[in-house]
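A.B. asks: I'd like to ask some things about the structure below.
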Amino acid sequence: MSRAPGPSRRSVQEAQMTHPNTESTAFRSALEVVRGVEPRVADAIGAELRDQRESLKLIASENYASPAVLLAMGNWLSDKYAEGTVGHRFYAGCRNVDTVEALAAEHARELFGARHAYVQPHSGIDANLVAFWSILAARVEAPALQRAGARQVNDLTEADWEELRRAFGNQRLLGMSLDAGGHLTHGFRPNISGKMFEQRSYGTDPETGLLDYDAVRATAREFRPLVIIAGYSAYPRLINFRLMREIADEVDATLMVDMAHFAGLVAGKVLTGDFDPVPHAQIVTTTTHKSLRGPRGGMVLCDDSLADQVDRGCPMVLGGPLPHVMAAKAVALAEARQPAFRDYAQRVVDNARALAEGLTRRGARLVTGGTDNHLVLLDVSGYGLTGRQAEAALLDAGIVTNRNAVPRDPNGAWYTSGVRLGTPALTTRGLGTAEMDEVAALIDGVLTRTAPGTTKSGKPSKASYVVAEGVAKQTADRAAELLAGHPLYPGLDLA
Ligand code: DSN
C-alpha cells in the first residue's frame, strides 16, 4: 500500500477553502442571524470552532466537513416532509427533495459501485436498523406471502400476521465482540439489535489480536445465524470480506457489513478487492461523517435482492427523511468522487501507520502490534493507567482521544485499558507522517509522566490521575504550534 504521489500537497482544507472571503461572509452572516434570536447558540457555535481549531483531534470517528457540506445543511430543505422515495412520496411538493436525494444516491452508487443506495438514514444506528429490517423482511415476509397467496403485506390476514410475528422473533445474529472492536449495534444489549436477535460474538486471536476466520466459520456452523455482521469501530486491521461472504453462504446467512469507520478508505480505493465490502456483502451500512468526511448521517448500500425492503426504511423504522442533510450528503459524495479524495484516503492510512510506528518505537503497546487502516488501539496498561485516566490526561494536554476496551479487557467497557486514536481529522487538516511521529512523542510523553491517582479514602483509583507538573501545558503548547501550521478552515474569519 505505498502511496502514489498526490496531484498536490495542498491540504484538503486549503483545497476546500477556495473562496475564504465568501465562506467567511456566509458563516458570519448565518451567525449574525442566529445571534439576533438566541445569542447563546451563536456563541456556542463560534466557541466550537475555536475548540476544534485548538485541539489535536484524534477521535477515530470524527472529521471536518467542507464548508460546502456544512452550508448545504443550513437552509429551508429542512422544512419539507418527504416520507417515501424519489418520485413516490406521501407528501406533495417534493420535487427539490427528489433532486437532492436522487443526486446523493447516484453519487453513492457510482462512488462505491453499488447496485442500490438509500441515503435517508439519520445515523449509523438507523442505517443498521434499516438493514436488520430489510434482511428479516426479505427472509420472513416472502415465504409468508407465498403461503398466504398474497401479493403484498397489506393483503395478509390477522392469522398470517400472527405467524409473521413469530417468524420475526428468535432470529440469530453473529457479530464481532465489543472488546475485539465490534459495535454496540452488532447485537449488544444497549441497542435494540441485542434485544431483537439472539446474538453470538466472534473475537480475535488471543496471541495476534487478529480476526480468526476459521473460528468465525466454526461458530457460524454451530450457531447458524440469519445475519453475519462484519465491521468494527476499534479493530485496527483489515477484514477479508470475500472470506466472510464464503462463511455466510456456507450457513445460508446474509452478510451485512457496517463500514461506518472505513467508508472513506473504500471510497478512496485504499480498500479494494477482498477488502472492499461492497462487491461481497448483500448489504452494507455506513455513516457519512467519519472517514467519508460528509455530514452527520447514515446510508445503506445493497444488491437488488434487498433494494425494495431497504426503500421501505421510512416509515418502517425511520422518522421523516432530513432533506437538508441529504443535500449535504450529495455534496460530500461528489467531493469523494474527486481524484483528490483518493490521495486523502491514502494519507489517512499512511498517517495511522506513522503514528503506530512512532508509538511502538517509544515502547508503547498496540493491539495487534500496528495498523492497516485509519486507527490505532493503544493499550495503556503498559503505562500503568486505565483508558479513562489516559484519555483525561491527554485531554488536559490538548489531545482529544477516546478510551476504548482492548480484547479481554480487565477494566471493562467503562474504565477500559485502551485509548483509540484515529487520523482522518488531522489528515484533513494537512498533517503528514513526520508530524504523526511528533504526535506519537507528545502522547507517549504525557502518558509516561502520568500516574494513577487515589480515591478520597486513599485507595487506588481507576479514574483519577496526576500529570507531572508542567507536562500538560508544555504539550498543549507544542500541539498548538503543530496545529498553527495547519489551520482549520484557513482564512475563515468569524470576527
Ligand atoms: N460513535 C462511533 C465511534 O466513535 O466509533 C460509532 O458509533
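The values are calculated or read from the model by the stated rules, or taken from the named source; none is laboratory data. Just so you know, these numbers come straight off a predicted model, no measurement behind them. Don't worry about glycine lacking a Cβ; one is built from the backbone with ideal geometry, like all the others, and counts go over all protein chains shown. When the accessible area is computed, the model is the full protein with side chains, heavy atoms only, and any ligands, DNA or RNA have been set aside. Shrake-Rupley method; radii C 1.70, N 1.55, O 1.52, S 1.80 Å.
A.B. asks: Would you call residue 202 away from the ligand (no atom under 16 Å from the Cβ), within 17 Å of residue 257 (Cα to Cα), open to solvent by 10 Å² or more (accessible area, probe 1.4 Å) and in contact (Cβ under 8 Å) with a residue 12 or more places away in the chain?
C.D. replies: no
A.B. asks: Quick one: residue 58 ticks every box in (1) touching a Pro at 6+ places or on another chain (Cβ under 9 Å); (2) at pLDDT 95 or above bar one, so which box is it?
C.D. replies: Exception for residue 58: condition (1).
A.B. asks: Considering only residues that are part of a helix (DSSP H, G or I) and within 16 Å of the ligand (Cβ to nearest atom), which ones fall in region 170-199? So that I can check it myself, show each step before the final result.
C.D. replies: Step one: of region 170-199, the residues part of a helix (DSSP H, G or I) are 178-180, 193-196.
Hits for region 170-199 are 178, 179, 180, 193, 194.
A.B. asks: At least 1 residues that are of a type in the set (Asp, Glu) and free of Cβ contacts under 8 Å to residues at least 40 places away in the same chain in each: list the helices (runs of 4 or more DSSP H) lying fully within region 95-169 that qualify.
C.D. replies: Filter on region 95-169 gives 95-112, 158-168.
A.B. asks: Follow-up question, since we're still on this one. How many residues does region 390-408 hold that are touching a helix residue (DSSP H, G or I) at 6+ places or on another chain (Cβ under 7 Å), within 16 Å of the ligand (Cβ to nearest atom) and among the charged types (D, E, K, R)?
C.D. replies: 1
A.B. asks: Within region 462-472, take every residue that is in contact (Cβ under 8 Å) with a residue 12 or more places away in the chain and open to solvent by 10 Å² or more (accessible area, probe 1.4 Å) and give me the one that is farthest from the chain's Cα centre (by Cα).
C.D. replies: 468
A.B. asks: Might you check whether a residue that is hydrophobic (A, V, I, L, M, F, W, C), in contact (Cβ under 8 Å) with a residue 12 or more places away in the chain and closer than 24 Å to residue 406 by Cβ occurs anywhere in region 222-229?
C.D. replies: yes
A.B. asks: Also, quick follow-up: Filter region 28-84 down to the residues that are touching a residue at least 40 places away in the same chain (Cβ under 8 Å), open to solvent by 20 Å² or more (accessible area, probe 1.4 Å) and hydroxyl-bearing (Ser, Thr, Tyr), then identify the one that is nearest to the ligand (Cβ to nearest atom).
C.D. replies: In this case the residue turns out to be 61.
A.B. asks: Taking the criterion of being touching a Gly at 6+ places or on another chain (Cβ under 6 Å) and within 16 Å of the ligand (Cβ to nearest atom), would at least one residue in region 359-367 satisfy it? Show your work before the answer.
C.D. replies: Taking region 359-367 first, the residues touching a Gly at 6+ places or on another chain (Cβ under 6 Å) are 365, 367.
Then keep just the ones that are within 16 Å of the ligand (Cβ to nearest atom); that gives 367.
Taking every residue of region 359-367 in turn, at least one turns out to be touching a Gly at 6+ places or on another chain (Cβ under 6 Å) and within 16 Å of the ligand (Cβ to nearest atom).
A.B. asks: Which of the residues that make up region 138-159 are among the charged types (D, E, K, R) and either at pLDDT 80 or above or open to solvent by less than 30 Å² (accessible area, probe 1.4 Å) (or both)?
C.D. replies: Answer for region 138-159, where residues must be among the charged types (D, E, K, R) and either at pLDDT 80 or above or open to solvent by less than 30 Å² (accessible area, probe 1.4 Å) (or both): 139, 141, 147, 155, 158.
A.B. asks: Here's another thing I want to ask about it. Name the single residue that is surrounded by the fewest Cβ atoms within 10 Å (Cβ to Cβ) among those in region 267-298 being under 11 Å from the mean Cα position of the chain (by Cα) and among the hydroxyl-bearing types (Ser, Thr, Tyr).
C.D. replies: 287
A.B. asks: Separate question: Please pick out the residue among 312, 342 that is among the basic types (Lys, Arg) and farther than 21 Å from residue 285 by Cβ.
C.D. replies: After ruling out the rest, the residue left standing is 342.
A.B. asks: Ok, one more. Filter region 108-127 down to the residues that are within 16 Å of the ligand (Cβ to nearest atom) and open to solvent by less than 10 Å² (accessible area, probe 1.4 Å), then identify the one that is farthest from residue 334 (Cα to Cα).
C.D. replies: Result: 127.
A.B. asks: Does region 307-320 contain at least one residue that is away from the ligand (no atom under 16 Å from the Cβ), closer than 19 Å to residue 259 by Cβ and in a loop (DSSP other than H, G, I, E, B)?
C.D. replies: No, region 307-320 has no match at all.
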